[in-house]
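First up is the structure itself, then whatever we jot down about it.
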Amino acid sequence: MTSLRKLGSSDLEVFPLALGGNVFGWTADQAQSFAVLDAYTAAGGNFVDTADVYSAWADGNQGGESETILGQWLGARGNRSDVVVATKVSQHPEYQGLSAANIKAAADASLRRLRTDYIDLYYTHFDRPDVPVEEIIGALDDLVKAGKVRHIAASNISAERLRASLEFSDREGLARYVALQPHYNLVSRDTYEGELQDLAERTGLAAVPYYALASGFLTGKYRSGTTVESARAGGAAKHLETERGRRVLDALDEIAAAHDAPVATVALAWLAAQPTVVAPIASARTVEQLPALLGVGELTLTEAEVGRLTEASA
């Protein structure tokens, strides 16, 4: 059985792969979403990542579809206390921004959709530098004190703003970020590596990277001359046009063959081996896509293999 990992300084223990909920109510309907959630938890998974805005971008959707499906599933399965639920605030069409009033109203709306009275991990989805960190942390701390949120986290934030937030929490004795959700994978390393990663390491934050498989590119299904039917095909295929993308695929193929493992598992295992990373996020539209993701808990790359991938993706 894959062992759980401690999420930063929190008391949360999570499976080494967070299941991305962005597809629920978008490319996966309720029945497909339930099937994926059932299979993920049956394999020992316990960490589901969503956001209030998922999936407002899809035709006919308003935002909140993913949380609604997740809430219906939690209610139907009666397993709320077994699942670490992460959601986010700032992007929902009706709850834009990070003012204190908006954070609190958005959290209440998320709780209603999720059919629960608490959120395990609540992220600021995209930082709003026009709002003082004091106001944001103050509102999040109020939610923690009210028992509506267990732990707080940040995504898409600069090192400067993150540092200011942590310092304010420490100085005032308020709720403090325990995790960071950066855009980070083998073909996108620049946003996280460097100042942000150093800060996370120094302050004990857990990294939970999104786009862990570069919109599907790092599953290996995108190759020159192939066409993939996917809502995210454009975002993934662009990496094929770069020398870096092709180098990474070659290295992944080589290591995957050595382990008799799927390319996606190897790409996730490289992420899992990076300092601060506790659980990469990846989503599955179908149950068939899950095993390659879940395998990250079982596959440990050698130092040489991690080095080979790091070099190929430089």
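The values are calculated or read from the model by the stated rules, or taken from the named source; none is laboratory data. In this text, all values refer to a predicted model and were calculated from it rather than measured experimentally. Note that each Cβ is placed from the backbone with ideal geometry, even for glycine, and that neighbours are counted across all protein chains shown. For accessibility, only protein heavy atoms count, side chains too; no ligands or nucleic acids. Shrake-Rupley method; radii C 1.70, N 1.55, O 1.52, S 1.80 Å.
Observations, loosely collected:
- Filtered by the rule that a residue be of a type outside the set (Asp, Glu) and surrounded by fewer than 19 Cβ atoms within 10 Å (Cβ to Cβ), the stretch 102-125 gives Lys104, Ala105, Ala109, Arg112, Arg115, Tyr118.
- Qualifying residue in the stretch 219-231 (condition: part of a helix (DSSP H, G or I) and either without any contact (Cβ under 8 Å) to a residue 60 or more places away in the chain or open to solvent by 60 Å² or more (accessible area, probe 1.4 Å) (or both)): no
- Filtered residues of the stretch 63-98 (kept if out of contact with any Lys or Arg (no Cβ under 8 Å at 6 or more places or on another chain), free of Cβ contacts under 8 Å to residues at least 40 places away in the same chain and either over 20 Å from Asp49 (Cβ atoms) or crowded, with 19+ Cβ neighbours inside 10 Å (or both)): Gly63, Gly78, Val85, Thr87, Val89, Glu94, Gln96
- Test for Val287: is it in contact with a Lys or Arg (Cβ under 7 Å, 6 or more places away or on another chain) and surrounded by fewer than 17 Cβ atoms within 10 Å (Cβ to Cβ): no
- Any hit, the stretch 173-185, residues being open to solvent by 40 Å² or more (accessible area, probe 1.4 Å), in contact with a Leu (Cβ under 7 Å, 6 or more places away or on another chain) and either more than 21 Å from Asp11 (Cβ to Cβ) or of a type in the set (Val, Ile, Thr) (or both): no
- Top-ranked residue of the stretch 146-171 - restricted to ones that are free of Cβ contacts under 8 Å to residues at least 24 places away in the same chain and assigned to a helix (DSSP H, G or I), ranked as surrounded by the fewest Cβ atoms within 10 Å (Cβ to Cβ): Arg171
- Pairs where the first residue, in the stretch 194-217, is assigned to a helix (DSSP H, G or I) and the second is among the polar types (S, T, N, Q), C-beta under 7 Å, 6+ apart: Gln197/Thr276; Ala200/Thr276; Glu201/Thr276; Ala214/Asn185; Ala214/Ser188; Gly216/Ser230
- Selection status of Arg308, open to solvent by 20 Å² or more (accessible area, probe 1.4 Å) and within 20 Å of Glu193 (Cα to Cα): yes
- Subset of the stretch 6-62 that is aromatic (Phe, Trp, Tyr) and open to solvent by 20 Å² or more (accessible area, probe 1.4 Å) - its residue that is nearest to His92 (Cα to Cα): Tyr54
- In the stretch 63-103, the qualifying residues are those that are in a strand (DSSP E or B) and aliphatic (A, V, I, L, M), and the one that is nearest to Glu134 (Cα to Cα) is Val89.
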